[in-house]
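Any read-out appearing in this document is the output of simple, stated calculations on the displayed coordinates, not a laboratory observation. Keep in mind that what you see is a predicted model, and the values were worked out from it rather than measured. Because the Cβ atoms are built from the backbone with ideal geometry, glycine has one as well, and the counts that use them run over all protein chains shown.
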Amino acid sequence: MKSLNPKTWAALLGATMLSLTSGCGSSASEPEEPTPSAPVVEEQSENLHPERRGIGALPLPARQGPSAMLVPVDPRRSLVVTDQIILARFPFKDVMDKLVLTSGVPTTSLDVFHQWWDTARVAPGLGLGPNCNSPGVANMNGFPYACPRAEGIQATVDPFFNPTSNPDSYLPIGLFNRFDLAPANGSNCGEYRIAFAKRSGISGGINRNLIIFEAMLPNPSPALGLEGCRPVADFWSNLTAQPSASTRAAMLRDFYFNGLPNPNGPTNFMPVLHIDNLGNRPRESGQVRSNQFMQNNWNLREFKIQRECGTTGCALRFIPVTVKTNPGGTLFNPLSAHPLAPGFQSVDFISQVPSLAVNDINLFNMVLPDNRNSGQSDAQSPTENHYVNQFGTGPSAFRTNIQSSLSTIPSTLTPDQVVARAMALSCAGCHQLSVGRDLGGGITWPFSLRFVHVSEQTEPGPDGPRHQISPALINVFIPHRKAVLETFLNSSCGDAVCAAWETHASCSADCP
């Protein structure tokens, strides 16, 4: 996907809305320096799944006056849903059964669950697929990959037995609308997520494990560009206007398990819960991520769900893959002996300095080749994924290279602040290592809920108990996603603006 120049984006959307703010929290003050323009994002970025991409990675129009919102959305109904009355419609067993059904593989959810967590044990394990010491998994790209881990014990338990009290069961803790990840060309409609937590984590302690299914939803009308995804945006917006939590629960259940009708063509939107949306396509596919707390060090990992066929038949497997936007920490060490370090410190990372120097807490970014990424993101180690500590404080050729790029922009950020921003974009940084850290330009990284952004713990909500979300989501990231969604919703064919997501086929009045 080729990102629009920020000035072009502002011009396209400015006529639609007179005011819109990214909603940054108090952690981000006004920039003290000129903000560099966001550079074009590489074509590969969509397939590498950086958390910042699509229309959400483009600048929004600056606030110019009183709000002109035509379709305001309630973020706790239309962006992040953690109400237990709604999540009760999303049992873990139902989700796993749906994935098995869409695979067409004659297996069971329990066998697939066991294979998934057998990846945390050494070979031969259960003999159902790769283990943590298997070729292609062990020490991905030459970076550490803890093996075995305590999470592997789950390969021997039944998480579906007595789910309301079984400590090994998983409870749903959040539904997430990530329309902001949809590319401007509409090749997909963004990601739609379900987070689960191991029930034993409710009581705290170390026996915690969180997983999130991050499904990328295809656009059934790609000729219309992103306009073909408008029914999805409308669906989430309509949740705001629906007062009944039970009705919202039924609507969401239908969206995730059955899909949406498509008024633009003969093919409907497929259900969110399908293996093709979670890794079974080579491109335009999502992933499953884990936040693992069953032993120290706490770390985050990533998987693809894939149907693999051979001479003896087909199998449905969770395959460990690299954690995206998570380069191995040693690459930031000026004394690193890793074979990729010289190129990383002279070319790869230097090419990302302009993106990292963008002085907006929701827009600074980094996209690197996948062979620079590690298979895990360690949220406790003071070295492995702690890029700032790896970088050090002394003079080095790497420091000089970063400073030269900053001087060219120009930017008054320091090399240390650029590296700190890179760490904040990693999983370990976003969840723990970067919280409260000064990132330069008046930006401070916001706080998580100690390693998580959605918790097993609950709080009172307007529709009963709901799972807590982090200050970072509440004050910084969700307001930005709200603004992105509302920007799209408030545009329309006939407004005399040929927007990034409009084509001649979808709106000849605006796009001759």
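Relative contact order of the chain: what whole-number percent is it, with Cα pairs under 8 angstrom and at least 6 residues apart?
Working: 1115 pairs, mean separation 104.1, N = 512.
Relative contact order here is 20 percent.
Rounded to the nearest 500, the 222 nm mean residue ellipticity of the chain from helices alone is -6000 deg cm²/dmol, with -39,500 (n - 2.57) taken per DSSP H run of at least 4 residues.
Each label point was placed 7 Å from the Cα along the Cα-to-Cβ direction; for residue 150 and residue 335 their separation is 3.3 nm. By the gyration tensor of its Cα atoms, with a ≥ b ≥ c the square roots of the eigenvalues, what is the shape of region 237-294: rounded for a/c under 1.5, prolate for a/b over b/c, or oblate? It is oblate, given that a/c is not under 1.5 and a/b is not larger than b/c.
Computed over region 286-421, relative contact order equals 25 percent, with contacts defined as Cα pairs under 8 Å that lie 6+ residues apart.
Spin-label model, residue 254/residue 495: points 7 Å from Cα along the beta carbon direction are separated by 2.7 nm. Modelled label positions at residue 71 and residue 134, each set 7 Å beyond Cα in the direction of Cβ, lie 4.4 nm from each other. Within straight-line reach of residue 324, meaning a Cα separation under 14 Å, sit the following aspartates and glutamates at least 8 residues removed in sequence or on another chain: 46, 51, 214, 302, 370, 378. Computing FRET efficiency as 1/(1 + (r/R0)^6) for residue 412 and residue 311, where r is the C-beta to C-beta distance and R0 is 45 Å, gives about 0.15. Taking a ≥ b ≥ c as the square roots of the eigenvalues of the alpha-carbon gyration tensor, region 456-508 is classed prolate because a/c is 1.5 or more and a/b outweighs b/c. Ranked by the mean number of other Cβ atoms within 10 Å of their residues, highest first, the peptides 463-474, 99-110 fall in the order 463-474, 99-110.
Working ranking of peptides 402-412, 444-454 by packing, defined as the average number of other Cβ atoms within 10 Å per residue, highest first, is 444-454, 402-412. Toward the positive end of the charge dipole of the chain, with +1 on the Cβ of Lys and Arg and -1 on the Cβ of Asp and Glu, the farthest Cα among 274, 315, 432 is that of 315.
Could you work out how much longer the chain between residue 107 and residue 371 gets when fully extended? Use 0.36 nm per residue separation minus the Cα distance between them, nm to one decimal. Present the calculation step by step, with values, prior to reporting the outcome.
On the way: separation 264, 0.36 × 264 = 95.04 nm, distance 3.29 nm.
Taking residue 107 through residue 371 to full extension adds about 91.8 nm, to one decimal.
On a full-extension model of 0.36 nm per residue, what is the gain between residue 166 and residue 511, subtracting their alpha-carbon distance, rounded to one decimal in nm?
Details: separation 345, 0.36 × 345 = 124.20 nm, distance 5.69 nm.
Going from the current span to full extension adds 118.5 nm.
With 26 Å as the limit, write out which pairs from 198/304; 98/198; 198/482; 98/482; 93/482 have Cα-Cα distances beyond it, or answer none. Over 26 Å Cα-Cα: 198/482; 98/482; 93/482. Normalised by residue count, the chain yields a Cα convex hull volume of 146 Å³ per residue.
By the gyration tensor of its Cα atoms, with a ≥ b ≥ c the square roots of the eigenvalues, what is the shape of region 378-500: rounded for a/c under 1.5, prolate for a/b over b/c, or oblate? The partial results should precede the final answer.
On the way: a/c = 3.32, a/b = 1.28, b/c = 2.60.
Cα axes put region 378-500 in the oblate bin.
Tell me, in nm to one decimal, what length is gained between residue 346 and residue 234 on full extension, where the rule is 0.36 nm per residue of separation less the Cα-Cα distance?
35.8 nm
Compute the label zone of residue 458 within region 232-270: residues whose backbone N is under 18 Å from the point 7 Å along Cα-to-Cβ. From region 232-270, the list is 245-250.
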